[in-house]
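What follows is a set of notes on a single structure, which appears directly below.
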Amino acid sequence: MTLMQDFEKVDDGDAIFLSAKMKVLIGTFVIGPTVIGLLGVIPMIYWGLFSWLDLGLFLGFWAITALGITVGYHRYFTHGSFKTNRPVKIALGVMGSLALEGSINQWVADHRKHHKFSDEVGDPHSPWRFGTSKRAVAKGLMFAHMGWLFSEEQATVDKYAPDIRDDVDIQRIDSWFKPLVFVTIVLPGVIGGLVTWSWIGFLTGLFWGGFVRIAFVHHVTWSINSICHVFGKRPFKSRDLSSNVAWLAIPSFGESWHNAHHADPTCARHGVLKGQIDPSAGLIRTLERLNLAHDVRWPRPERLAKKLVDPQMAPRIRGYRAPEASGDTVRG
Ligand SMILES: [Zn+2]
Ligand SMILES: [Zn+2]
């Protein structure tokens, strides 16, 4: 594998324009929840402003929005790992939008461009773009985590996501983005306020279920772009430096088995080795059982075994059987 160092070269005609106003807006949503969360978390705990209800709001909105990103934005809209009906498509689009990671259009376009160039020139968020020295990788990790969101090397929707651009339902969801921003921040507060019938309940719900949860989901998603391209294990052959990071598996709902994902991008399950937790695959499996998902691209163990760096690891693949007996797909 070659890692090209010359990341300054932008592929012509394949970048978006970000106005200063847009950069300020992005900055507000990228940095705002993290700053509010960091400043508030210790005082809120010190003053006892963290109830079981707040924990429930944090966990509930975390699950809804993170799964909207992993199952919706990523595995469904970007990679087409399964097919579904219109109501589920709309639900997944709304859930993902509530994560405040931008419109479906732009997210899908950026992520497809990431897979196309993956740690080479053109990758919108490779941590290797500044080189391989410790200093360069430290800078690259910051860029891959957050800095790239302000870069004009992001993908153009027309080139990378014309199917998404032309989908009337998706465009309708994207047109709801502003109200959805309001909903995702304020709704946990409204629930907290109504359940406790107090302004304190509103404020703590807003803080834990709104800002802290948004910051948490942001950093977990961004860690896939930064940490999961630098640290961790690489059991599968892929033409980049994507890696599997076990400790991020639960926070990321299975997305941190990122090396397996780059080796087989359309596969609906990323945790393909035995013992690898992948709750997003679990949700897709549940949708399939309820007849709400079909044509699911479950892992094909025989195919995956051929992609292993060490063929001796084949028995570690879920559902793997000796070559003469295999060929079946593995259910999620
Ligand atoms: Zn990646
Ligand atoms: Zn992907």
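The values are calculated or read from the model by the stated rules, or taken from the named source; none is laboratory data. None of the values given here were measured: they were computed from a predicted structure. FYI the Cβ positions are ideal-geometry reconstructions off the backbone, even for glycines, and counts take in every protein chain you see.
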Matching residues in the range 235-251 - criterion: being within 17 Å of R269 (Cα to Cα) and within 12 Å of ligand 1 (Cβ to nearest atom): S238, S242, S243, N244, V245
Residues that are touching a Pro at 6+ places or on another chain (Cβ under 9 Å) and either within 15 Å of ligand 1 (Cβ to nearest atom) or of a type outside the set (A, V, I, L, M) (or both), drawn from the range 253-269: F253, G254, N259, A260, A263, D264, C267, R269
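Can you work out which of the residues in the range 81-107 that are closer than 15 Å to R165 by Cα and part of a loop (DSSP other than H, G, I, E, B) is nearest to ligand 1 (Cβ to nearest atom)? Outline the logic, then answer.
Step one: list which residues in the range 81-107 are closer than 15 Å to R165 by Cα, which gives 89-90, 93, 102-107.
Adding the requirement that they be part of a loop (DSSP other than H, G, I, E, B) leaves 102-103.
On the way: G102: 17, S103: 20 Å.
By that ranking, first place goes to G102.
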Considering residues of the range 111-148 that are over 16 Å from the mean Cα position of the chain (by Cα), part of a helix (DSSP H, G or I) and within 15 Å of ligand 2 (Cβ to nearest atom) only, the residue nearest to S226 (Cα to Cα): F117
Out of Q171, Q154, sole residue that is more than 14 Å from ligand 1 (Cβ to nearest atom), touching a Pro at 6+ places or on another chain (Cβ under 6 Å) and either assigned to a loop (DSSP other than H, G, I, E, B) or closer than 20 Å to G68 by Cβ (or both): Q154
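Here are R269, R172: which of them is within 16 Å of ligand 2 (Cβ to nearest atom) and among the basic types (K, R)? First the steps, then the outcome.
Values: R172 fails: within 16 Å of ligand 2 (Cβ to nearest atom).
Of the residues listed, the single one that is within 16 Å of ligand 2 (Cβ to nearest atom) and among the basic types (K, R) is R269.
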Which numbered condition A249 misses (of (1) within 14 Å of the chain's Cα centre (by Cα); (2) within 12 Å of ligand 2 (Cβ to nearest atom)): (2)
Meets criteria (within 16 Å of ligand 2 (Cβ to nearest atom) and part of a helix (DSSP H, G or I)) for T65: no
Test result for N225, in contact (Cβ under 8 Å) with a residue 24 or more places away in the chain, within 16 Å of ligand 2 (Cβ to nearest atom), in the same structural domain as L287 (by TED's automatic domain parsing) and within 27 Å of W298 (Cβ to Cβ): no
